[in-house]
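Each value in this text was obtained by applying a stated rule to the coordinates, not by laboratory testing. Please read these numbers as outputs of a predicted model, since none were measured by experiment. Cβ placement follows ideal geometry from the backbone for every residue including glycine, while neighbour counts extend to all protein chains displayed.
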Amino acid sequence: MNMPHRTMRRVEEAEALDGYAKPLAKVAQRAVRPRIVRNLLSGAKVGHPLHPPLTDVPIGAWSMSALLDLMGGRESEPAADLLVKVGLVTALPTALSGFNDWSDTLGADRRVGLVHAAANSAALSLYAASAVARARGRRGKGKALGFAGLGLMAVGGYLGGHLSFANGVNVNRTAWEHEPEEWTPVLAEGELADGEHRTAEADGVDVLLYRKGATIYAMAATCSHMGGPLGEGSVEDDCVTCPWHGSIFRFADGGIERGPASSPQPHYETRIQGGRIEVRLAPPELSAEQGEQGTRRGHRRPLARTPAS
Ligand code: FES
C-alpha cells in the first residue's frame, strides 16, 4: 500500500472524527430535508450530482489566480484579484451541494467527507484573507495567503476524489447492471396482487414490480443513489420512496420526483405471457427523462408498460 493509500486508510478509520461528524450530519440532514432544497442541491433535475461540476469553478479560478500571481506580472494583477473573488463567490453553492451529498454518508465516507470539508473551509478562509490583503494593497501577503489556500484546496480535492473514485460515493449504483433486453419471466401472474409491490429477479438483476389494476410496472430494485432496496420502500401516488434517504421514483418511467438520487431508475416493459409476468428493459425513446438526458448505455430499450391481460 503506498503512502496516499495509507493516509486515506488512517482518515477512514479515525473514529475520533465521529464525535464531530455525527452532530453535524444531523444538522445537514435537517437542513436538506425540504424537497425543493434536496432536488436543487442533489442535481435531481439535472441528471447528475451537482457538486462535482460546481467544484470546477472555484478550483479553476483559484488555480488561474495562482498562475497569474506567479507569472503574470503587474498588468495581470487585476485579473488575479478578480479570479480570487470569483472563487470565493462560487465556493458557497459548491459547499452547499457538497454538504447535501455528505449528509447521506456514513462511517468511513463521512469521516473522509468531514476532513474534505475542513480542508476546503480552511482554503476558503485563506482566500478570503487573501482578497482582503489584495484590496488593502498588501499584494505579497495576498499572494502568500492564496498559495497556502491553493495547497489546502488540493488536499480537499484529493479527498473529494477519493470519495468519488475510490469509495464510489454518489456513483449511480445501477450503472453496471445488465438488464435483460429480451423478454424474461420473473413471477407467476398470481404472485403479484393488485396494489402490491415486490422484488423479483430477472436474469440476475433485481427488479421492482408494482401492480395497479390492469397495469404492471417494473423498474430496477436497487436505488441509483446508494443502492437502497426499493422493494422495502413505501408506495404512494404511483411512486416508490427509497427507505434509505428518501429518494422518490415514478413507476411510470423511473424518473425522479425527489432527490438525493440524480440518476433515474432503469425501467422495464412488462407483459403477461402464459400466466407469467415477463419484463425487458424499456427503450429510451419513450421515456421523457432519459430522452432528455440521452441514454446512459447504448443498448437501453425504451419505456413501455403493458396492461396485464
Ligand atoms: S440509497 Fe439513498 S435514496 Fe436510495
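Observations on the structure shown:
- Charge dipole magnitude, Cβ of K and R +1, D and E -1 - the chain, Cα centre, debye nearest 20: 1700
- Translational D in µm²/s for the range 3-166 (Stokes-Einstein at 20 °C, 1.002 mPa s, Kirkwood Rh from C-alpha pairs): 128
- Shape box of the chain [Cα atoms, principal axes, largest first, Å]: 80, 42, 39
- Computed lengthening from Ala154 to Asp203, 0.36 nm per intervening residue step minus Cα-Cα distance: 13.3 nm
- GNM on the chain, alpha-carbon springs under 10 angstrom: the most fluctuating residue among Ser130, Ser76, Ser263 is Ser76.
- Working from the Cα coordinates of the range 174-231, the gyration tensor eigenvalues give, after taking √(5λ), semi-axes of 20, 14, 9 Å in decreasing order.
- Qualifying GluC sites (Glu not before Pro) in the range 1-81, DSSP loop, other Cβ atoms within 10 Å at most 10: none
- For the range 156-202, applying the loop criterion from DSSP together with a ceiling of 15 other beta carbons within 10 Å to the GluC sites (Glu not before Pro) yields Glu181, Glu182, Glu196.
- Working note: 222 nm ellipticity from helices only, DSSP H runs with n ≥ 4, each -39,500 (n - 2.57), summed and divided by the residues of the chain, gives -15000 deg cm²/dmol to the nearest 500.
- Here the Karplus curve 6.51 cos²θ - 1.76 cosθ + 1.60, taken at θ = phi - 60°, turns the phi angles of the range 256-269 into couplings of 9, 8, 8, x, x, 4, 10, 10, x, 6, x, 10, 10, 6 Hz, with x standing for Gly and Pro.
- Listed peptides 210-217, 271-278 by packing density, highest first (mean Cβ within 10 Å): 210-217, 271-278
- Here Asp56, Asp18 are placed in order of increasing Cβ neighbour count within 10 Å, fewest first, which gives Asp56, Asp18.
- Extreme residue, positive dipole direction of the range 163-218, given options Leu163, Pro185, Ala218 (C-beta unit charges): Leu163
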